[in-house]
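For reference, the structure discussed in these notes is given below.
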Amino acid sequence: MKIPLMNLSVQYEQLKDDIDRTIEEIALNSRFVLGKETQDFEQAICKYCNVKYAVGVASGTDALILALTALGITKGEEVITTPFTFMATAEAISRVGARPVFVDIDRRTYNIDPAKIEKAITPNTKAIIPVHLYGNPCDMDSVLKIAGEHKLKVIEDAAQAIAATYNNRKIGSFGDAGCLSFFPSKNLGAFGDGGMVLTNEKDIAEKLKLLRVHGTTSKYRHSVIGFNSRLDNLQAAILSIKLRKLDEWTEKRRKIARRYNTALKDISTIPQEQDKGKHVYHLYAIRVKQEKRDALLSFLNENGVESRVYYPIPLHLQECYKELGYKEGDFPEAESAALETLVLPLFSEIDEDQQKYVIKMVKKGV
Ligand SMILES: Cc1ncc(COP(=O)(O)O)c(C=O)c1O
């Protein structure tokens, strides 16, 4: 048996007629950039996430860069985030000229540990970027409380967490801005790159709309230096069709995760859903002893079960961040998570036999 980590073609097969028809329509109309489809999808996301404004951009990475820019974060300023995330989170901070300041993670959730944030705040700190890693919501009550007390902006990196909730509110709707990614493998994935910034602030939404089109106020008039970062109509139209299925797919993911949890809880550390947070299992990561992890990873991959590590090197130890001056041992929880976790196949259409095979192989290989 061969079980991939994710299987994107089955979602297309489910929606093929609608998607094919939409692509043909857009091609025949030659309406490719910032048209009705993008506006419709932005409105659909506003409704889905219960936010006032949603601005489609070219990727999740751009969503972070534009959000930081719109909030005025710039050279010489500091932004606090987690070292256990995809590179894009910190890269966006560096791209606007600010400095990423890392804070270790909570061992149970793999998300930034709010108890350690205050120590990292300096007079230069301007914002916090909590990342809802693997689709598991951060402790937003604590993050917002600290941000409020220190007058810091909050930009949620919700790239992996669309549909997740905290206190029954959609993730991405808590901060000054929330950033989504529609990279194809995400729980709501496009047929290429795509992203979105969510906000409840009118002036931030207006800045974002300016920034994504070269700062254009009217034809060939530019009030600020912007970007070329737009969500294509084709992607927006495809995403609108897929959005109708997102809740169904999310519930299936949660059911599959529960089956893994029951089967694997005695031989590994399973994902920890928190009381107030609803996890959407973008990635299903288990944790085993460091001595066993790499052997288990090889065993699974040799036996047809695709398994990977997200992420093997925490950002503070990446070569590109040498100049920040961090060293091994600075963030022990992030470092041990990088050595002890591995991700198992999880997609909404995985069937019971496939899942049983994964479980059998994990038990055999551990
Ligand atoms: C946590 C996180 N932040 C940001 C991004 C960037 O999103 P994109 O790939 O759409 O640029 C990703 C994508 O993998 C991500 O996982």
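The values are calculated or read from the model by the stated rules, or taken from the named source; none is laboratory data. These figures come from a predicted structure and were not determined experimentally. Cβ coordinates were reconstructed from backbone atoms using ideal geometry, including for glycine residues, and neighbour counts include every protein chain displayed. In case anyone asks, the SASA skips ligands and DNA or RNA and just uses the protein heavy atoms, side chains included. Shrake-Rupley method; radii C 1.70, N 1.55, O 1.52, S 1.80 Å.
Is it the case that Leu152 is over 28 Å from Leu246 (Cβ atoms), in contact (Cβ under 8 Å) with a residue 24 or more places away in the chain, away from the ligand (no atom under 16 Å from the Cβ) and not acidic (Asp, Glu)?
So Leu152 passes the test.
Within the stretch 192-209, is there a residue that is farther than 17 Å from Ala70 by Cα and surrounded by 15 or more Cβ atoms within 10 Å (Cβ to Cβ)?
The answer is yes, given that some residue of the stretch 192-209 is farther than 17 Å from Ala70 by Cα and surrounded by 15 or more Cβ atoms within 10 Å (Cβ to Cβ).
If Gly325 passes every condition in (1) on the phi > 0 side of the Ramachandran plot; (2) open to solvent by less than 10 Å² (accessible area, probe 1.4 Å) but one, which one does it miss?
(2)
Considering only strands (runs of 3 or more DSSP E) fully contained in the stretch 166-237, which possess at least 2 residues that are within 12 Å of the ligand (Cβ to nearest atom)?
By residue number, 177-181, 195-199.
Taking interchain pairs and intrachain pairs at least six residues apart, which have beta carbon atoms under 7 angstrom, with the first residue in the stretch 174-193 and closer than 21 Å to Pro345 by Cβ and in contact (Cβ under 8 Å) with a residue 12 or more places away in the chain and the second open to solvent by 10 Å² or more (accessible area, probe 1.4 Å) and among the aromatic types (Phe, Trp, Tyr)?
Pairs found: Pro184/Phe191; Gly189/Phe183.
Looking at Val10, Val55, Val51, can you tell me which residue is open to solvent by 30 Å² or more (accessible area, probe 1.4 Å) and either within 22 Å of the chain's Cα centre (by Cα) or away from the ligand (no atom under 16 Å from the Cβ) (or both)?
Val10
Looking only at the stretch 167-186, count every residue that is touching a Gly at 6+ places or on another chain (Cβ under 9 Å) and open to solvent by 10 Å² or more (accessible area, probe 1.4 Å) and tell me the total.
Counting residues in the stretch 167-186 that are touching a Gly at 6+ places or on another chain (Cβ under 9 Å) and open to solvent by 10 Å² or more (accessible area, probe 1.4 Å) gives 6.
So which residues in the stretch 67-91 are within 12 Å of the ligand (Cβ to nearest atom), closer than 14 Å to Val154 by Cα and out of contact with any Gly (no Cβ under 9 Å at 6 or more places or on another chain), if there are any at all?
Thr81, Thr82, Thr89
Out of all the residues in the stretch 115-133, is one or more more than 16 Å from the ligand (Cβ to nearest atom), in contact (Cβ under 8 Å) with a residue 60 or more places away in the chain and either among the basic types (Lys, Arg) or farther than 23 Å from Thr69 by Cβ (or both)?
No: the stretch 115-133 contains no residue that is more than 16 Å from the ligand (Cβ to nearest atom), in contact (Cβ under 8 Å) with a residue 60 or more places away in the chain and either among the basic types (Lys, Arg) or farther than 23 Å from Thr69 by Cβ (or both).
What pairs come up if the first residue lies in the stretch 302-315 and is open to solvent by 50 Å² or more (accessible area, probe 1.4 Å), the second is acidic (Asp, Glu), and their beta carbons are under 7 Å apart, counting only those six or more places apart or on different chains?
Listed by first residue and then by second, the contacts come to nothing, as the list is empty.
Checking Leu264 against (1) away from the ligand (no atom under 16 Å from the Cβ); (2) open to solvent by 40 Å² or more (accessible area, probe 1.4 Å); (3) of a type outside the set (Phe, Trp, Tyr), which single condition isn't satisfied?
The number of the failed condition is (2).
With the checklist (1) part of a loop (DSSP other than H, G, I, E, B); (2) within 16 Å of the ligand (Cβ to nearest atom); (3) farther than 28 Å from Leu243 by Cα in hand, flag the one item Gly97 doesn't pass.
Only one criterion is unmet by Gly97, namely (2).
Among the residues of the stretch 113-151, which ones are open to solvent by 10 Å² or more (accessible area, probe 1.4 Å), in a helix (DSSP H, G or I), of a type in the set (A, V, I, L, M, F, W, C) and touching a helix residue (DSSP H, G or I) at 6+ places or on another chain (Cβ under 7 Å)?
Ile146
Quick one: how many residues across the stretch 54-81 are among the hydroxyl-bearing types (Ser, Thr, Tyr) and touching a helix residue (DSSP H, G or I) at 6+ places or on another chain (Cβ under 7 Å)?
3
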